[in-house]
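Asker: Okay, here's the structure, questions in a sec.
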Amino acid sequence: MITSKKEYLLYLEQDKKALGINKKFPSLIGDEVWKFQRRLRKTEYLKNTSGSNPIKKIFFVFSMIKFHKLRVKYGFSIPLNVFGPGLSIAHRGTIVVNGNARIGKNCRIQESTTIGATNGSGCAPILGNNIFIGSGARIIGDIRIADNIAIGANALVCKDCLEPAITIAGVPAKKISDKNSHQNLLMKVE
């Protein structure tokens, strides 16, 4: 969670690296995902640091309005303060994430994915660092996913996966390979 200007700038830089972007600012036309991610991080920063400062609270409200418009426009149902630094949304398209989910650093997420709770439960998945989530994957329930996991396209993950550095896929998802997620992430994993 972003709690300072320094962390905000770090998140922006890590997200930019995760997206494989080398330029300083988004283009006027294009770079929609990057624009969305920048607004996500700005809104998180303003929400988490405004405290009792009325000026920052006003900036937060305006940022939240812009953020909401981008969410609707691009089909992303991504709440604030869920993803760690190094988020990489691969494409525009439906992505639904529960507000109680927690995802570590360096997550690459494809379109048509869901990370959510079941039957109105407040318990949502907790994913580790360096996670790749393939197109159409569903990660549902009060589960834990270890670090360096690649989740295959159209997988249904509804049980814990505590063995790190593997690939899981299928319905329900199970281990299919000893390959980790690193080849699917755009930035070098340390």
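The values are calculated or read from the model by the stated rules, or taken from the named source; none is laboratory data. Owing to the predicted nature of the structure, the values given are computational and were not obtained by experimental measurement. Ideal geometry is used to build each Cβ from the backbone, glycine not excepted, and the neighbour counts take in all protein chains shown.
Asker: Considering every residue within region 108-123, establish whether at least one is out of contact with any Cys (no Cβ under 6 Å at 6 or more places or on another chain) and either of a type in the set (D, E, K, R) or assigned by TED's automatic domain parsing to the domain that holds Gln37 (or both).
Answerer: yes
Asker: Of these, Leu80, Leu87, which one is within 19 Å of Ile21 (Cβ to Cβ), in contact with an Asp or Glu (Cβ under 6 Å, 6 or more places away or on another chain) and surrounded by 18 or more Cβ atoms within 10 Å (Cβ to Cβ)?
Answerer: Leu87
Asker: Output the number of the condition that Tyr74 fails; it satisfies all remaining conditions of (1) surrounded by fewer than 16 Cβ atoms within 10 Å (Cβ to Cβ); (2) at pLDDT below 95; (3) within 20 Å of Lys42 (Cβ to Cβ).
Answerer: (1)
Asker: If we scan region 12-33, do we find a residue that is under 19 Å from Gly99 (Cβ atoms) and not assigned by TED's automatic domain parsing to the domain that holds Gly99?
Answerer: No.
Asker: Kindly indicate whether Phe67 is crowded, with 19+ Cβ neighbours inside 10 Å, more than 24 Å from Arg108 (Cα to Cα) and in contact with a helix residue (DSSP H, G or I) (Cβ under 8 Å, 6 or more places away or on another chain).
Answerer: No: the conditions fail for Phe67.
Asker: While we're on this one: Which residue out of Ile145, Ile149, Ile166 is over 14 Å from Ile109 (Cβ atoms), at pLDDT 95 or above and buried (at least 17 other Cβ atoms within 10 Å of the Cβ)?
Answerer: Only one candidate passes the filter, namely Ile166.
Asker: A further question on this structure: When you go through Ala101, Ala124, Ala117 one by one, which is the residue that is in contact with a Pro (Cβ under 9 Å, 6 or more places away or on another chain) and either surrounded by fewer than 17 Cβ atoms within 10 Å (Cβ to Cβ) or farther than 22 Å from Leu10 by Cα (or both)?
Answerer: Only one candidate qualifies: Ala117.
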